[in-house]
Structures are given as C-alpha cells and as structure tokens.
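Visitor: So that we are looking at the same thing, I have put the structure below in structure tokens.
The values are calculated or read from the model by the stated rules, or taken from the named source; none is laboratory data. Note that the coordinates shown come from a computational prediction; the quantities given were computed from them, not determined experimentally. Here the Cβ is made from the backbone with ideal geometry for all residues, glycine too, and neighbour counts use every protein chain on show. All accessible areas refer to the heavy atoms of the entire protein, side chains included, with ligands and DNA or RNA removed. Shrake-Rupley method; radii C 1.70, N 1.55, O 1.52, S 1.80 Å.
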Amino acid sequence: TKSYISEDDPFYMFRGDLVQKLTSVDEELNRYLTVVRTTDTAANSHQVKETKKQLKRHIKHAESTLSDLETTVRVVERQREKFPHINDAELAERRGFVDDSKNRIQGAKGEMQSDEVKQKSSNDERALTERRKVQSASAAVANGGGPSNNGTKGPEGYTNIRSDSDLEEGNAAAAAADPDRSETLLMMQQQDETLEDLDMAVTRVGYMAETIHEEIDTQNAMLKSLDDDLTDAEEQLGVVMGKLAKLLKTKSKCQLGLIVLLALVVLVLFFLVIYT
C-alpha cells in the first residue's frame, strides 16, 4: 500500500524536490560563510553580494516547494475522511518533516544574518576605514611637505609650523569624512540588498507571466479546435437537415425541427421501456 501511495501521492513528489533544494541551500550557505570568513568583505564586496544573492535565491525556491508540500499535508488534515489510506502515524510523520524543513530554512536565514557575519563585516569595514585614514594622512603629509622641500619663502620654522597645521587639518578632514562615508556605505549595502530582493521578485513574476502566457496559448489552441469542430458539426447538421428536407419534400425549418424533436422523444421512450 505504501508503494502505491509513494507513486501517486503528491506529497512524496514535493518532498523529493524539497530535499534536493534544501541540499542546495546548505551548499550555498557554506559557500557564503566561507567567503565571509576567509576574505575581506569590505574590499571584496562584489563576491560577498553575489554569493548572498545566490543563497537567497535558493532559499526562495525551497520555501516555494515547502509551501506546496505543506498544502498537501493541510488538505489531509482538514479532510481526514477522504484519505483513509493515510493513518495518523503517517500524517504525523509528514507534519514533522514539514516542521523540520521550516526550521532548517529558518536556520539558514539565521546563519546568513548571524552576529558572526555582522561582526566580521563590521570589522572589515573598520579596517578599510583605518587604511583609508592612513592613506589620507600620507597624502596630507606629501602635500604639506611640498612647499618645504621646494624652499618656501620665509623662516624655516614658520614653514614647518604651517606644514604641521596642514597635516592636522588633513587628518581632521579625513576623520570627519570617514563616519559619513561608513554610514553611506551601510545605506548603499542595504539598498543593494533591497534591489536584489526586488530583482528576485521581478524574476519570479516574469516566470509566472511566462507560464500564464503559455497557458493562454494552450487555451486559445483548444478554443480554436473547438470552434473548428463546431463549424464542422454545423455543416454536417446542415447537410443532414437538407437531405431530410429533400426526403420529406419540405423546406420548413419548423416542421423539420418538430420531426427531429418527435424522433428524439421516441428514442427516449424506447430506451425507457428497455431499461425499466
């Protein structure tokens, strides 16, 4: 009995598909975490974004299949009398698999946005900011030292004081710019994630539109075939009515219609007499 259920029950079809997609989610999650842990996420932001985008796509696919799978379980739960071949133990096992799959997907989402990932990204961003501070300071020193090396007019002490002042101003400007730049980068990252989610949603809508278009084409072909069949039937009926009119030597449609109706009544009465 169970083999019969396995072949015909949609639960097992969706379950097999979901197992494959959950495996893909685990693989993409490991790939994403490896990239985050082993690379500079601030300097290598493109690869991080790309792996995260792929992980989100696999999670969305798994959630879609999980929704279909849970629907099959809910139908059985709500209409137990229609599925006597599925006992309570089997139903509990199915519900348990659905719940475990939900937890597995939620766990993948949690690891994708875990404190470890956030801390690593924050540390890499701070390190990048520090490197840029050093670069800004070096640039300020180079710009400040230029006039002194070229022999600026005036006392050498005055020139040195002016260079130190320029250096302090450069450092202050860099330090003042870095927080704003960090906030800007954070906002850009959030916008990129929002755009990635929007891109995935548009892609799904595109797939749905393509499916609907194919279904409409199929329905149109069926309607055209039905219209052709009706046209043929109408032509054949016209031929039959014409031959019948010739046979009866009358062209009155009312009389022909009455004759056909009476013939149908005779046939119905004949069948009633036979089968009653």
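To keep it simple, each residue is scored yes or no on (1) modelled with pLDDT under 90; (2) of a type outside the set (Gly, Ala, Ser); (3) touching a strand residue (DSSP E or B) at 6+ places or on another chain (Cβ under 6 Å).
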site	(1), (2), (3)
26	no, yes, no
36	no, yes, no
40	yes, yes, no
45	yes, no, no
63	no, yes, no
73	no, yes, no
78	no, yes, no
90	no, yes, no
95	no, yes, no
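Visitor: Next question. For residue 74, state whether it is open to solvent by 50 Å² or more (accessible area, probe 1.4 Å), among the basic types (Lys, Arg) and part of a helix (DSSP H, G or I).
Guide: yes
Visitor: Does residue 223 fit the bill of being open to solvent by 90 Å² or more (accessible area, probe 1.4 Å), in a helix (DSSP H, G or I) and modelled with pLDDT of 80 or more?
Guide: So residue 223 passes the test.
Visitor: Here is a follow-up. Restricting to region 115-124, name every residue that is of a type outside the set (A, V, I, L, M) and open to solvent by less than 30 Å² (accessible area, probe 1.4 Å).
Guide: Passing the criteria: only 124.
Visitor: Next question, about the same structure. Just one of the numbered conditions (1) assigned to a helix (DSSP H, G or I); (2) modelled with pLDDT under 60; (3) open to solvent by 70 Å² or more (accessible area, probe 1.4 Å) is not true of residue 172; which one?
Guide: Evaluating residue 172 over (1) assigned to a helix (DSSP H, G or I); (2) modelled with pLDDT under 60; (3) open to solvent by 70 Å² or more (accessible area, probe 1.4 Å) leaves (3) as the failure.
Visitor: Given the conditions (1) acidic (Asp, Glu); (2) open to solvent by 90 Å² or more (accessible area, probe 1.4 Å); (3) modelled with pLDDT under 70, report the number of the one that residue 178 does not fulfil.
Guide: (2)
Visitor: Would you mention how many residues in region 111-138 are within 17 Å of residue 31 (Cβ to Cβ) and not β-branched (Val, Ile, Thr)?
Guide: Summing the residues that are within 17 Å of residue 31 (Cβ to Cβ) and not β-branched (Val, Ile, Thr) in region 111-138 gives 7.
Visitor: Could I ask something else about it? Being open to solvent by less than 20 Å² (accessible area, probe 1.4 Å) and outside any helix (DSSP H, G or I), is that true of even one residue in region 91-111?
Guide: no
Visitor: Kindly establish whether residue 157 is open to solvent by less than 90 Å² (accessible area, probe 1.4 Å), modelled with pLDDT under 75 and in a helix (DSSP H, G or I).
Guide: So residue 157 fits the description; yes.
Visitor: Residue 119 versus (1) farther than 30 Å from residue 39 by Cβ; (2) modelled with pLDDT under 90: which is the lone unmet condition?
Guide: (1)
Visitor: Can you tell me which condition residue 42 does not meet? The list is (1) surrounded by fewer than 17 Cβ atoms within 10 Å (Cβ to Cβ); (2) of a type outside the set (S, T, N, Q); (3) within 26 Å of residue 131 (Cα to Cα), and all the others hold.
Guide: (1)
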